[in-house]
Amino acid sequence: MTNPHTDVATLARDLRAGSRAALARAITLVESRRGDHQAAARELVQALLPHTGQAIRVGITGSPGVGKSTTIDVLGMHLIAQGHKVAVLAVDPSSARTGGSILGDKTRMAQLSASDQAFIRPSPSSGTLGGVAAKTREAMLLCEAAGFDVILVETVGIGQSETAVCDMTDFFLALMLPGGGDELQGIKKGLVELADMIAINKADGDNLKRAGITAADYRGALHLLAPRSEHWHPPVVTYSAMAGTGIAELWQKVTEHRKAMTASGELAQRRRDQQVKWMWSMLEQRIMARLRTDATIRGKVRKLESEVADGQVTPAIAAERLAELLQ
Ligand code: GDP
């Protein structure tokens, strides 16, 4: 019997024909650590490459509780009503430690998960951030080949995962809460340098006025920073995922951004730069994986590590010796 995981041509055909089972299987293949699976996955993604790249790729970040899943649920349904097919992916390297993903969990997006125009996949649950992000990026390409024309990639507002998601998307959306004393936090974290838009959620009820003030604060702060593009000044909007207000306006900004970036050629350039960055990132991962998994090399790594720690060998010489081993 042929292994369904390694029959790449059939998998590619079924995926293109719109089989959700084939798409899920293809992503599992991409996520697998087995050598033969990884080789098949590379072949699969390469075969599907001509059918990728057409989607609007949006990264969404925000601290836990800001309303990411509520927003994705409502925004996703809004997009489906407009005729889009929406895939939701996640980058959550912490799930490697907790053993389960909190992002991209279907139960958090009740409406969307019931729609046959949506596909939701939780974060790959093991590996380094680089590994998790690379797999999510390939999953995104598979979703595009399967006909999904909007990809939402969710991440939490911690560490480098935001940079990784920004590096795989066309538009990076930062969600914030009204007031609360931690406003402008994103500015300090440098997040705003990544964000193409800041959206203040929960602009409803008692929070309505506070959301307006917070938005004005962000606008003022953004004004002081040099924008990343001369064709796009990141807007600050307020909305309520719960009430559904401001969602259409929020998406309107995404499409305005797309028009401006397409016209100026920046979208194409951003994607070209991203592709090259991904190549280097994957090369780095392969080298690191070899250092970790090759038994002979691992033994030498340990020995050199302790010699460096004891001050018998300089880090420079140890690095040189390890580099020679990789040749
Ligand atoms: P996540 O952790 O960022 O995915 O946040 P959730 O989407 O799970 O939302 C966290 C909490 O905020 C939940 O209790 C939501 O019901 C609530 N919430 C989300 N959006 C809104 C909103 O627009 N207004 C209000 N008042 N509550 C909201």
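Dipole size of the chain about its Cα centre, with +1 on Lys/Arg Cβ and -1 on Asp/Glu Cβ: approximately 480 debye, rounded to the nearest 20. Each peptide among 164-170, 15-21 gets the average number of other Cβ atoms lying within 10 Å of its residues, and from highest to lowest they stand as 164-170, 15-21.
Distances between placed amide hydrogens fall under 5 Å for Phe172 paired with Gly59, Asp196, Met197, all partners being 5 or more residues away or on another chain. Taking the inverse of the mean 1/r over every pair of distinct Cα atoms in the chain gives a Kirkwood hydrodynamic radius of 21.3 Å.
Structural size metrics of region 1-82, computed from C-alpha coordinates, are Rg and Dmax of 16.2, 49 Å. In this structure, Gln285 and Ala316 have a Cβ-Cβ separation that, at R0 = 25 Å, corresponds to a calculated FRET efficiency of about 0.60.
Mean residue ellipticity at 222 nm, helices only, the chain: -17000 deg cm²/dmol; runs of at least 4 DSSP H residues each add -39,500 (n - 2.57), and the sum is divided by the number of residues.
Measuring nothing but how far apart in sequence close Cα pairs (under 8 Å, 6+ apart) lie, relative to its length, the chain scores a relative contact order of 16 percent.
Let me know the shape class of region 190-263, please: from the alpha-carbon gyration tensor, a ≥ b ≥ c as square roots of the eigenvalues, rounded when a/c is under 1.5, otherwise prolate if a/b is greater than b/c, or oblate.
oblate
Here the scattering of region 198-327 is modelled by Debye summation over its C-alpha atoms, one equal scatterer each and no solvent; at q = 0.09, 0.20, 0.22, 0.23 Å⁻¹ the log10 of I(q)/I(0) is -0.59, -1.16, -1.28, -1.30.
Throughout, read-outs are computed from the coordinates displayed, never taken from laboratory work. This is a predicted model, so every value here is computed, not measured. Using ideal geometry, Cβ is built from the backbone for each residue, glycine included, and neighbour counts are taken over all protein chains shown.
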